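Each remark here refers to the structure printed beneath this line.
The values are calculated or read from the model by the stated rules, or taken from the named source; none is laboratory data. Here the structure is a predicted model, which is why all the values come from computation and not from measurement. Cβ: placed from backbone, ideal geometry, glycine included. Neighbour counts: every protein chain shown. The protein model used for the area step is the full one, side chains on, heavy atoms only, and it has no ligands, DNA or RNA in it. Shrake-Rupley method; radii C 1.70, N 1.55, O 1.52, S 1.80 Å.
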Amino acid sequence: AYVSKVEFDGTRLLVSREGLGYEALQEVRSVAGGALVQDINRVAVNPFAWRMPSANQPLVTQWEDMLFGVRLSRHLRSTGCVAIAGECVIAQASSLLDQRLAWDRLLQGGVSIEGSSVVFDVDIKDPEEIDRAKAAGVSVLVHPGIDLQREVQLVERANTVGMALVATGVSFRKI
C-alpha cells in the first residue's frame, strides 16, 4: 500500500511511503451524476518570459501589480479578470461569457479602476476591449497573448490609445 495510517495523540494521520504521485496534482470535485477530475494548475509565473508588444511600457511600480494580478488570476473562476492597484484587488469579474461584460462588472458599485492594471486569464478577443479599458482609466492590460494572429490588431489599438499591453504567453485559467 502507498499509504499507511498512524495514530498520534488520538489523531489519525495518513503517511505516504513513496511520496506524492501524480494523483496529488489532481483536483476532484463532485458534479451532478459523478465527479470531475482535473489537473491542478501548476504553471510557474515567470515575468521574464512575458512580452511587452505595445509601444507603451508598464511603469516599474506597475510590475508588482501585474505580478500579483497574474498570480491571483489562477484562483478566479474561468474566464475572469481582476483589477489591481497598489498590490490590492480593486475589483474582479469572473465567469464572463462575453468580455464586454467585464467593464460593467468591474465598475459595479461605483469603484474607480483609474490607473489600475487589469489582468485577464484568457486572451483579449476584440480590439474594442482596449478602447473600453482606456475609457475606464486602466493603465495596463495583461492577458495570455497566445493568439498571435489577433495580437497584431491588439497592439495597434493599444498603441493608438496609449496603453501598455502585456502578454504572459501562458493562460492560468481553470477549465
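Brief remarks follow.
- Solvent accessible area, Å² - Phe68, 1.4 Å probe, full protein context: 70
- Mean separation of Cα contacts under 8 Å, 6 or more apart, over the residue count of segment 135-175: relative contact order %: 54
- Exposure of Trp103 as accessible area (Å², to 10), given a probe of 1.4 Å and all protein chains: 10
- Virtual spin-label span in nm between Ile146 and Arg132, 7 Å along Cα→Cβ: 2.1
- Accessible surface of segment 46-175 [probe 1.4 Å, protein heavy atoms]: carbon and sulfur percent: 54
- Loop-located GluC sites (Glu not before Pro) in segment 91-149 (DSSP state not H, G, I, E or B) with no more than 12 neighbouring Cβ atoms inside 10 Å: Glu114.
- Spacing of the modelled spin labels on Val45 and Glu27, each 7 Å from Cα toward Cβ, amounts to 1.5 nm.
- Solvent-accessible area per residue in segment 38-152 equals 51 Å², computed with a 1.4 angstrom probe and all protein chains kept.
- Qualifying trypsin sites (Lys or Arg not before Pro) in segment 78-175, DSSP loop, other Cβ atoms within 10 Å at most 16: Arg100, Lys125
- Model label sites at Asn56 and Val89, defined 7 Å from Cα along the beta-carbon direction, differ in position by 2.6 nm.
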